[in-house]
Amino acid sequence: MSFPRTNDKLVLMKLIKYFLFYKDFFKSTIIVLTNSGLVGLAFTLLDKPFCPAFILATCTQYLAFGVLVSIVSQYLQSKVRLAELDSLEPLSTILQCASCTTPNVTTFVPDQQERVEFVCDKCEGKNVVSINFTVARVTEFIEPIQVSQNIGNMIPTQQFKN
Ligand SMILES: [Zn+2]
């Protein structure tokens with residue numbers, strides 16, 4: 001008799017999981033339907049039909065919530081983007097103008113989506129910065145040679161004696 005009981009437990013666990021997963025959906029739906037019901041009741045008190053008011057109120061609430069959610073998500077996305085930009089360190093470098101080759105001090109944030117431009121101090125020409133990364137190999141130190149000892153052996157000392 002223990003097998004059906006564990007099976008019942010599993011079904012119950014699944015139901016609880018399902019309920020928790022859709023809890024917010026059910027909650028918001030119940031709130032929307034309650035609001036619509038209240039609007040429908042108000043319309044019946046005013047001798048107007050219940051169903052059109054109920055449907056209209058439901059649609060209006062879903063539209064309003066959709067607009068609200070999109071506005072809030074856009075706001076949050078822009079905040080996240082600003083935080084990402086703040087975390088980037090601005091780079092300062094000296095770049096030559098593409099027109100007159102005058103060196104210009106330029107400061108910019110290395111953002112992938114932003115086009116980096118600067119105006120030349122001398123000719124006032126617009127320049128676009130393209131960033132290239134180059135890679136160099138790290139070399140090992142060569143062992144130091146004892147130069148003084150080798151030079152001492154190479155000098156022919158007998159020449160000075162004669
Ligand atoms: Zn220039």
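Just so it is clear, none of the values below were taken in a lab; they were calculated from the coordinates. Bear in mind that the values here come from a model prediction, so they are computed numbers and not experimental data. Cβ sites come from the backbone with ideal geometry, for glycine too, and all protein chains shown count toward neighbours.
Observations, loosely collected:
- A straight Cα-to-Cα reach below 29 Å connects Lys17 with the lysines Lys9, Lys27, residues fewer than 8 places away in its own chain not being considered.
- With Cα atoms as the point set, the radius of gyration and Dmax of segment 41-152 evaluate to 32.3, 119 Å.
- Label-point gap, in nm, between Tyr18 and Thr106 - each point 7 angstrom along Cα→Cβ: 6.1
- Distance from the alpha carbon centroid of segment 7-46 to that of segment 47-73 works out to 17 angstrom.
- Each of Asp47, Asp111 has some number of other Cβ atoms within 10 Å of its Cβ, and from fewest to most they run Asp47, Asp111.
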